[in-house]
1. (1) charged (D, E, K, R); (2) within 17 Å of SER228 (Cα to Cα); (3) touching a helix residue (DSSP H, G or I) at 6+ places or on another chain (Cβ under 9 Å): which one isn't true of GLU267, the others all being true?
2. Give the residue, chosen from ILE293, ILE308, ILE285, that is farther than 20 Å from ILE348 by Cα and β-branched (Val, Ile, Thr).
3. Quick one: which residue in ALA171, ALA206 is modelled with pLDDT of 90 or more and either over 18 Å from TYR128 (Cα atoms) or of a type in the set (Phe, Trp, Tyr) (or both)?
4. Name the residue that is surrounded by the fewest Cβ atoms within 10 Å (Cβ to Cβ), counting only residues in segment 47-76 that are over 13 Å from LYS97 (Cα atoms) and of a type in the set (S, T, N, Q).
5. Just to be sure before I move on: is THR215 surrounded by 15 or more Cβ atoms within 10 Å (Cβ to Cβ), assigned by TED's automatic domain parsing to the domain that holds ASP383, out of contact with any Leu (no Cβ under 7 Å at 6 or more places or on another chain) and β-branched (Val, Ile, Thr) in the structure I sent?
6. Sort out which residues of segment 174-186 are over 16 Å from VAL150 (Cα atoms) and either modelled with pLDDT of 90 or more or surrounded by 14 or more Cβ atoms within 10 Å (Cβ to Cβ) (or both), and write them in order of number.
7. How about segment 137-219: which strands (runs of 3 or more DSSP E) wholly inside it have at least 3 residues that are of a type outside the set (A, V, I, L, M, F, W, C) and either at positive phi or within 23 Å of the chain's Cα centre (by Cα) (or both)?
8. Here are some residues: ILE253, ILE285, ILE276. Which one is hydrophobic (A, V, I, L, M, F, W, C), in a loop (DSSP other than H, G, I, E, B) and surrounded by fewer than 15 Cβ atoms within 10 Å (Cβ to Cβ)?
Amino acid sequence: MSLFEKYAGNVETPVTVKDPVVQKTSVPPADGLVMTPEFWEMEAEIHTAIVEELKKKTITSKEQEKMIIEKRGEELVEEMGSRLTFEQKKQLLQAVKYELLGYGPITSLLDNTEITEVMVNSSQDIYYEYKGKIIKSNLTFRDDAHVKGVIERIVSPLGRRVDESSPMVDARLPNGSRVNAIIPPLSLRGSSITIRKFSEVPFTSADLVRFGTWTEDMSSFVNACVQSNLNIFISGGTGSGKTSTLNVLSSFIPESERIITIEDAAELKLSQQHIISLESRPPNIEGEGEISIRDLVRNSLRMRPDRIVVGEIRGAEALDMLQAMNTGHDGSLSTGHANSPRDMLSRIETMVLMAGFDLPVRAIREQIASAIDIIVHQSRMKDGSRKITHITEVLGMEGETIVLQDIFLYKETGMDEGDKLIGEFVPTGIRPKAAEDLEVNGFHLPGSWFDSRWEQ
């Protein structure tokens, strides 16, 4: 088979597993060429020649560098690929540009706005999520060293590192996409990269309504809760869309308020002007200098915040967050991993105990019940769609138990012929305890929001 013979089809390979979420996939636009050793050999030769050319020139801007790469790349492709077709030359030049200006072979996946996640399992094994479906790509890296080079390209500008002494790293791309990388010896099949992409333009409440994530009534209710300074927690599993929803909820905060965001890797994109964004820092090569989320939460209390927005609570910082919510910092927002609103409360309880204080369980539960007003629970459904399945109110303590009350629920009824989920969002018919606070703040709650249509 010739160098470019197998490139001609650009055929996608859907994942062949039994999981119904990924079994029946619509084929997305082709994600590039199938890479062969011969392809990489030609690409490397052109790549090396252009790098040598760049070393001889004085580069004053990224735009100038890009122009030189494109011009010299075209010349070299014409010289070295005289027997290639126009389309083959175009693909080869594109690969060279991706290597010099982007993130190697996965650049085309990152540039595709309909792809939401890119997963590099090894140099020869790349998957991505397209419209909620997991699909195997026909792209490959040259070898494991090639993957490590891309990881270095991602983490170096952020002052982070990945090597045998520190084989795991969390980072972000300039557009805010979340990156996790792990290399051997921890990753047995070779270096692995997982990139959770975020929209260049943050989603709005209307977008979530259009996607079927929630309804206008649910949006209006949560909007009123945010503007009325209720403390809201977003729970859900991995990939359920918690961060996107947190971004939408944060957009409801009035423009006049001072907002402090705290994250492991800065992902939130808020439209307000009065914002301070804080990002945690891992330890340096000597194992010193770490700044944790907990440190940032404590420091934020001295920064005169009107709102504290924590990207994700996952450890001892839960105690500091609860104390902030209970000492005048109303209207705080955060997310956490859990399977249901009730599970979220149990996880917060466990995370508080991780702070190392020997606190009675009842005292912790009283803190939680007093601090959190609303839990918004989001799930990734069987068809790959994201739904807000619960909007739940925290009423307080009854004996040793925290009492919860569902305000809105998503009722799943089945699947259609196209394997799309069938269901509806319904109010439970219960008027929330927080209704009085919302009305005091000028929000009218229509009775139609709380009609009881939920079938027992």
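1. Looking at each condition in turn, GLU267 falls short on (2).
2. Sole residue among the options that is farther than 20 Å from ILE348 by Cα and β-branched (Val, Ile, Thr): ILE285.
3. ALA206
4. Ranking the qualifying residues of segment 47-76, first place goes to THR58.
5. yes
6. GLY176, PRO185, LEU186
7. 192-196
8. From the options ILE253, ILE285, ILE276, the qualifying one is ILE285.
The values are calculated or read from the model by the stated rules, or taken from the named source; none is laboratory data. What you see is a predicted model, and the numbers here were worked out from it, not measured in a lab. Don't worry about glycine lacking a Cβ; one is built from the backbone with ideal geometry, like all the others, and counts go over all protein chains shown.
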